[in-house]
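Nothing in this text is a laboratory measurement; each read-out follows from the coordinates by a stated rule. Remember, predicted model here, so these are calculated numbers, not experimental data. Every residue, glycine as well, gets a Cβ built from its backbone with ideal geometry; the counts of neighbours run over all protein chains shown.
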Amino acid sequence: MSDLKIKKVNNFSAELIVPGDKSISHRAVMFAALSNGVCEISGFLPSEDCYSTIGAMRSLGVKIEELGGSDNRLRVHGCRGQFDPPERPIDCGNSGTTMRLLSGILAAQPFSSQLIGDESLSKRPMNRVAIPLEKMGAKIVGRGDRKTPPINITGAETVRAIDYASPVASAQVKSAVMLAGMFAKGKTTVSEPYPSRDHTERMLNYLLVKNLRDGDTVSIWGGQIPESRDIVVPGDISSAAFWIVAAAAQPGSRLLVNNVGMNPTRTGILSAMIRMGATINERIDESGCEPMGSVEVIGGNLRSIEIGGEEIPRLIDEIPILAVAAAMAEGKTVIKDAAELRVKESDRISAVAENLRRMGVPVQEFADGMEITGVEELQGAEVESLGDHRIAMAFAIAGIYASGETIIRGTECIETSYPGFVPELEQLMAGNH
Ligand code: S3P
């Protein structure tokens, strides 16, 4: 197990880019594999999670060439929605997105397959995708009522179009149903309590697969095959979030992040930081399939806020780093309506609460969130990643604000989403920014 030692960093000035968006990279590979020809993907995120998706699609007979280059290009040879039966269980590693989106595709294939994952993924509920996909005609067997992995999927003989009201705002559930719906006859609809990230809708539209949003409901028409087109993946705002908070919480710091995804279903972190008192200037180019642009952050003193409701899906993956910002803000920050955090790569409510307490921050835990009381100065401590990349990175940033030394235990998980995070942090600690 590798550890990371963090020391305090004084204010900094930096201009950087972050690697490709994880959610969009997964979709680019899967949708290109479903397409009717050859697609080149640039800006692909070369992280463990995204390699799980490449491995999964290869095991279904898809040819994927890694062209490399500074924009990290892939060439994917589409199979027109028809794949080969896999010869062995498909390993999704740590990646919930791989397992849930792939379930939607496999629910519509004329063969059986098994999906497996690592220790963390094997604890995560797959019934949220199994319930609608079974209504569409597939059979999905997992462990217990929550259908935790391994899961066995037998594709539907004929896929039925459904109208599904998802009890959770989840882009993974919505996308799984939409992908199966592409193979159904007629119109499939999915509604959610609040809109979740819309990368699937945008990318399918870009690949000429008709789908429509009406409020909280998305519709897709079956019998469509994505048209092969080249795909550009913007930088990941969820990775940028760590540096955005690092700069925002320190008077005198300035940061510019370029080429980053600015999809409004993902930029909740920016709105929250602005409410906390940060100065953030955005430049957005809407001309591509995904909005992208640059974010400038000028550091200052932060104040507490309340976060909940509709805002949660727009910043769900950023709550660990937002909690770190809250620990440095004046007053009590309340995060609610975020019970989903308990079924992420770790139970992120208890992981954040425990680690913040170790750093001297008073935290009250609720079933669906927490209350964090900001402190004058964080105390250096030994904290645990629990094998969760976003916990490891959030507390690495906490460490640069803490007195003394902070040790993060178990940092290899950072490779899940952000190769290059540790070298970037080392530059910052060495004062090279
Ligand atoms: C993702 C959706 C979100 C998010 C995850 C990636 C996606 O999960 O937390 O990191 O790519 O669709 P849910 O769909 O479970 O909300």
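For helix 237-248, report the angle its Cα long axis makes with the longest principal axis of the Cα atoms of the chain; keep it between 0 and 90° and round to the nearest 10°.
On a 0 to 90 degree scale, this one is about 10.
Asn301 to Arg342: extension gain in nm, 0.36 nm per residue of separation minus the Cα-Cα distance? Numbers along the way, then the final one.
Details: separation 41, 0.36 × 41 = 14.76 nm, distance 2.99 nm.
Once the chain is fully extended between Asn301 and Arg342, it gains 11.8 nm.
Hey, what do the phi angles of the stretch 65-71 turn into as Karplus ³J(HN,Hα) couplings, whole Hz, using 6.51/-1.76/1.60 and θ = phi - 60°, x for Gly and Pro?
9, 9, 7, x, x, 5, 9
When the Karplus curve 6.51 cos²θ - 1.76 cosθ + 1.60 is applied with θ = phi - 60°, which whole-Hz ³J(HN,Hα) does each residue of the stretch 270-285 get, with x for Gly and Pro?
After applying 6.51 cos²θ - 1.76 cosθ + 1.60, I find 5, 4, 5, 5, 5, 5, 6, x, 6, 9, 10, 10, 10, 10, 10, 10 Hz.
Taking the Cα centre of the stretch 152-271 as origin, sum charge times position over the Cβ atoms of Lys and Arg (+1) and Asp and Glu (-1), and report the length of that vector in debye to the nearest 20. Spell out each step's value before the answer.
Working: 11 positive and 10 negative charges, 20 e Å.
About 100 debye.
Can you tell which of Gly117, Gly68, Ala184 lies farthest toward the positive end of the dipole of the stretch 22-217, using +1 and -1 charges on the Cβ of basic and acidic side chains (Lys, Arg; Asp, Glu)?
Comparing the listed Cα positions along the dipole, Ala184 ranks first.
Dipole magnitude of the chain about its Cα centre, charges +1 at Lys/Arg Cβ and -1 at Asp/Glu Cβ only, in debye to the nearest 20?
Numbers: 44 positive and 55 negative charges, 213 e Å.
The calculated dipole for the chain is roughly 1020 debye.
Sum up the charges of everything whose Cβ sits under 12 Å from the Cβ of Arg143, counting Lys and Arg as +1 and Asp and Glu as -1, but leave Arg143 out.
Numbers: positive: Lys123, Arg124, Arg146, Lys147; negative: Asp145.
Here the charged neighbours net out to +3.
Any chance you could run the full-extension gain for Ser350 through Asn205? It's 0.36 nm times the residue separation minus the Cα-Cα distance, nm to one decimal.
On the way: separation 145, 0.36 × 145 = 52.20 nm, distance 3.85 nm.
Taking Ser350 through Asn205 to full extension adds about 48.3 nm, to one decimal.
If the elastic network links every pair of Cα atoms under 10 Å, which of Glu365, Glu296, Glu376 fluctuates the most in the Gaussian network model of the chain?
Of the options given, Glu376 has the highest mean-square fluctuation.
Per residue of the stretch 394-401, what does 6.51 cos²θ - 1.76 cosθ + 1.60 with θ = phi - 60° give for ³J(HN,Hα)? Whole Hz please, x for Gly and Pro, Karplus curve as stated.
Going residue by residue, I get 4, 7, 5, 5, 4, x, 6, 9 Hz, with x marking Gly and Pro.
If the chain between Ile274 and Glu376 were fully stretched, how many nm would it gain, using 0.36 nm times the residue separation less the Cα-Cα distance? Working shown, then result.
Numbers: separation 102, 0.36 × 102 = 36.72 nm, distance 2.04 nm.
Length gained, Ile274 through Glu376: 34.7 nm.
Over the chain, what is the relative contact order in whole percent, taking alpha-carbon pairs under 8 Å and six or more residues apart? Show your work: numbers first, answer last.
On the way: 1092 pairs, mean separation 75.9, N = 433.
It comes to 18 percent, rounded to a whole number.
If you fit an axis through the alpha-carbon atoms of helix 96-106 and take the longest principal axis of the Cα set of the chain, what angle between them do you get, 0 to 90°, nearest 10?
It is inclined by approximately 10 degrees.
Rounded to the nearest 0.05, what FRET efficiency is calculated for Lys7 and Arg88 with R0 set to 45 Å and r the Cβ-Cβ distance? List each step's numbers first, then the result.
Details: r = 45 Å, r/R0 = 1.01.
Calculated transfer efficiency: 0.50.
Strictly over 29 Å apart at the Cα level, which of Lys123/Lys332; Lys174/Lys336; Lys5/Lys336; Lys7/Lys332; Lys210/Lys336 would you flag in this model? Don't skip to the answer; put the middle values down first.
On the way: Lys123/Lys332 32 Å; Lys174/Lys336 23 Å; Lys5/Lys336 32 Å; Lys7/Lys332 26 Å; Lys210/Lys336 35 Å.
Listed pairs above 29 Å: Lys123/Lys332; Lys5/Lys336; Lys210/Lys336.
Residues with beta-carbon under 13 Å from that of Tyr164, excluding Tyr164: net charge, scoring Lys, Arg +1 and Asp, Glu -1? Could the numbers behind the result be given before it?
On the way: positive: Arg128, Lys135, Arg160, Lys174, Lys187; negative: Glu134, Asp163, Glu192, Asp216.
Result for the neighbourhood of Tyr164: +1.
With a 10 Å cut-off between alpha carbons and a GNM built on the chain, which of Asn281, Asn11, Asn258 moves the most?
Asn281
For the stretch 53-146, which GluC sites (Glu not before Pro) are in a loop by DSSP, counting at most 13 other Cβ atoms within 10 Å?
Hits after loop and neighbour filter: Glu87, Glu119.
Tell me the relative contact order for the stretch 22-217 as a rounded percent, counting alpha carbon contacts under 8 Å between residues six or more apart.
17
Which residue fluctuates the most in the chain, going by a Gaussian network model with Cα springs under 10 Å, if the choices are Pro149, Pro86, Pro234?
Per the Cα network of the chain with a 10 Å cutoff, Pro86 tops the list.
Counting DSSP beta bridges in the chain, what percent are antiparallel, to the nearest 5? Could the numbers behind the result be given before it?
Numbers: 52 of 73 bridges.
In the chain, approximately 70 percent of DSSP beta bridges are antiparallel ones.
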